[in-house]
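In what follows, a structure is listed as structure tokens, so that the remarks can point back to it.
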Amino acid sequence: MTSPSLFSGFLAILQRDLLLAWRRRGDAAMPVLYAMIVAILFPFALGPDHQLLARVSGGIVLVTVLLAMLLALDNLFRSDLEDGVLAQMVLAPQSLSFLMAARILAYWLVTACPLLIAGPILGYMLGLPAQAQPVLFLALVLSSALLALLGSMLAALTAGTRRSGMLLSLMLLPLIVPVVIFAAGAVSAVEQGLPWIAPLAWLSATLALTLVLAPVACATALRITLDA
Amino acid sequence: MNAFKTWFHKLGSPPFFYEFAGYLRPWLWVGTVVFAIAGLIGGLLLAPPDYQQGDAYRIIFIHVPSAWMSLFIYGVMAISGLVALVWRIKLAEIIAMESAPIGAAFTFITLVTGSLWGKPMWGTYWTWDARLTSELVLLFIYLGIIGLYHAFENERQGARAAAFLIIVGVVNLPIVHYSVVWWNTLHQGTTVRIFAPSSISLSMLWPILAMMIATKLYYGVSLLGRARIAVLERERGKDWVRQIVTEGTKNA
């Protein structure tokens with residue numbers, strides 16, 4: 001008997017998670033709806049002043065998208081923990097961190113991709129300057145990937161607790177603050193005509209580091225949750 | 001050396017720790033009171049007013065020692081959290097978890113005294129300055145750790161999950177410490193140094209150091225008191241706890 005390879009395990013998990021998400025398409029639309037509702041409320045709260053909205057639009061879109069991603073985070077491991085799938089993943093011959101990487105990738109594809117399409121549209125509606133659009137998109141890609149990696153690690157820690165929605169946000173806030181600072185810094189730099197590559201380079205460097213460490217940390221957190 | 005090693009290993013056993021902490025606490029209390037009185041007299045009465053800030057600077061004798069403690073306690077928690085995760089020592093879990101509320105309290109005191117100081121000096125209670133923001137983030141890390149610990153029904157599992165979070169949160173420590181060096185901030189830079197001459201007058205330095213010792217000792221008092229209760233709670237099924245409880249009710 002030959003044991004299945006590392007990569008086949010990775011693909012199997014990715015395929016399963018994407019299929020599950022496809023079967024429940026309505027759930028994937030929720031974060032986008034949430035982001036739109038929040039972003040649409042801002043012009044009413046701040047008044048339809050174009051200059052003011054244009055100045056804050058980058059930050060609003062960024063924060064809204066990241067908060068919307070949190071909606072799906074709480075249930076990332078919960079149902080799988082309850083029906084025993086996670087215990088099987090721990091027992092699988094492949095390394096748990098690789099399987100976790102597949103799970104995180106699936107989460108990012110399902111939750112972040114619709115938001116990445118909605119983000120620039122919301123930015124346009126709020127009057128974000130055209131030259132800032134590509135930078136906002138890049139910042140959204142990098143920061144949403146970072147949030148997926150950091151958030152799934154914390155979701156693995158809280159999967160065993162009863163209600164964790166608020167707790168998860170409380171734990172995530174300190175980790176996500178630097179990400180927001182650099183992502184928003186890039187957007188506001190391009191709006192002022194300053195070089196914007198440095199904050200994005202910092203984000204990319206952090207992403208490279210997190211990409212390696214977060215799946216391992218996620219697997220460790222999961223082992224603590226399962227007490228394995 | 002060998003005797004110390006045996007003693008240290010024995011300290012990991014809950015009944016021995018309970019007794020030892022009970023002996024140590026009164027002495028730490030005495031030290032706390034002595035150093036706090038010395039530091040407060042030195043800081044509030046003896047030290048001269050600042051040439052620029054007048055008497056308003058005297059809040060430094062609370063603010064700076066609390067700020068040091070907010071970082072120091074996190075360091076203690078990180079080390080005992082690591083020990084708890086690697087060797088699964090029950091007492092290390094208790095030390096890490098019972099330190100968290102004390103650390104959160106010191107962080108809160110730092111933020112409050114800092115903002116009270118900021119009003120007369122900077123003209124505002126709060127500004128989004130690097131050091132203020134990172135200290136606020138530290139408070140949220142403390143709250144997250146406390147919240148995670150209490151979210152689990154099983155204390156040991158909660159402690160191990162929270163210990164993991166402590167280690168993840170260590171990245172914030174250098175950011176708080178070096179924020180005044182890395183960024184050009186409103187908050188003043190370091191004036192008290194260990195490895196170089198401090199740029200603060202000796203008449204102001206010694207009360208700060210006395211208060212620093214007092215806060216450290218107070219942390220010891222508070223931690224040992226909390227840890228003793230936590231030990232009793234966790235070992236509630238054991239014989240030695242039953243013995244203490246029955247003796248206590250007999251004497252009362």
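What to note about this one:
- Of all the residues in region B:71-108, those that are in contact with a Gly (Cβ under 6 Å, 6 or more places away or on another chain) and of a type in the set (Gly, Ala, Ser) number 1.
- Some residue of region A:139-151 being of a type in the set (Ser, Thr, Tyr) and within 14 Å of chain B (Cβ to nearest Cβ): no
- Just one residue in the set B:THR124, B:THR113 is surrounded by fewer than 20 Cβ atoms within 10 Å (Cβ to Cβ), farther than 16 Å from A:ILE181 by Cα and touching a residue at least 24 places away in the same chain (Cβ under 8 Å); that residue is B:THR113.
- Filter result for B:PHE4 (free of Cβ contacts under 8 Å to residues at least 12 places away in the same chain and among the hydrophobic types (A, V, I, L, M, F, W, C)): yes
- Neighbours by Cβ (under 6 Å, 6+ apart or cross-chain): first from region A:32-59, without any contact (Cβ under 8 Å) to a residue 24 or more places away in the chain and under 26 Å from A:THR111 (Cβ atoms); second assigned to a helix (DSSP H, G or I) and acidic (Asp, Glu): none
- Of the criteria (1) surrounded by 17 or more Cβ atoms within 10 Å (Cβ to Cβ); (2) in contact (Cβ under 8 Å) with a residue 40 or more places away in the chain; (3) more than 13 Å from A:GLY165 (Cα to Cα), which one A:ALA87 fails: (1)
- Restricting attention to region A:183-199, the residues that are within 17 Å of the chain's Cα centre (by Cα) and surrounded by 22 or more Cβ atoms within 10 Å (Cβ to Cβ) total 1.
- Qualifying position, being at pLDDT 90 or above, surrounded by fewer than 23 Cβ atoms within 10 Å (Cβ to Cβ), assigned to a helix (DSSP H, G or I) and touching a helix residue (DSSP H, G or I) at 6+ places or on another chain (Cβ under 8 Å), among A:ALA155, A:ALA101, A:ALA145: A:ALA145
- Contact map, region A:167-190: residues that are under 16 Å from A:MET153 (Cα atoms) paired with residues that are of a type in the set (D, E, K, R), Cβ distance under 7 Å, separation 6+ or inter-chain. Pairs shown: A:LEU168/A:ASP74.
- Residue within region A:158-167 that is buried (at least 22 other Cβ atoms within 10 Å of the Cβ), of a type in the set (A, V, I, L, M, F, W, C) and assigned to a helix (DSSP H, G or I) present: no
- B:GLY169 fulfils the conditions (1) within 10 Å of another protein chain (Cβ to nearest Cβ); (2) buried (at least 20 other Cβ atoms within 10 Å of the Cβ); (3) modelled with pLDDT of 90 or more except for a single criterion, (3).
- Any hit, region A:15-26, residues being closer than 30 Å to A:LEU126 by Cα and not basic (Lys, Arg): yes
- Of all residues making up region B:148-166, the number that are part of a helix (DSSP H, G or I) and at the interface with another protein chain (Cβ under 7 Å from one of its Cβ atoms): 7
- Within region B:110-147, tally of residues that are within 15 Å of the chain's Cα centre (by Cα), more than 10 Å from every other protein chain (Cβ to nearest Cβ) and of a type outside the set (Ser, Thr, Tyr): 2
- Test for B:GLY75: is it farther than 30 Å from B:ASP239 by Cβ, part of a helix (DSSP H, G or I) and in contact with a Phe, Trp or Tyr (Cβ under 9 Å, 6 or more places away or on another chain): no
Conditions tested, residue by residue: (1) within 14 Å of another protein chain (Cβ to nearest Cβ); (2) in contact with a strand residue (DSSP E or B) (Cβ under 6 Å, 6 or more places away or on another chain); (3) not hydroxyl-bearing (Ser, Thr, Tyr).
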| site | (1), (2), (3) |
| --- | --- |
| A:GLN88 | no, no, yes |
| A:LEU96 | no, no, yes |
| A:LEU109 | no, no, yes |
| A:TYR124 | no, no, no |
| A:ALA130 | no, no, yes |
| A:VAL135 | no, no, yes |
| A:GLY160 | yes, no, yes |
| A:ARG163 | yes, no, yes |
| A:LEU167 | yes, no, yes |
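- Within region A:172-228, being part of a loop (DSSP other than H, G, I, E, B), of a type outside the set (Gly, Ala, Ser) and either in contact with a Phe, Trp or Tyr (Cβ under 7 Å, 6 or more places away or on another chain) or away from chain B (no Cβ under 14 Å) (or both) holds for A:GLN192, A:LEU194, A:PRO195, A:TRP196.
- Condition met for A:THR225 (of a type in the set (Ser, Thr, Tyr), buried (at least 22 other Cβ atoms within 10 Å of the Cβ) and out of contact with any strand residue (DSSP E or B) (no Cβ under 6 Å at 6 or more places or on another chain)): yes
The values are calculated or read from the model by the stated rules, or taken from the named source; none is laboratory data. Remember, it's a predicted structure, so these values are computed and weren't measured experimentally. When we count neighbours, we look across all protein chains shown, and the Cβ atoms used for this are built from the backbone with ideal geometry, even at glycine.
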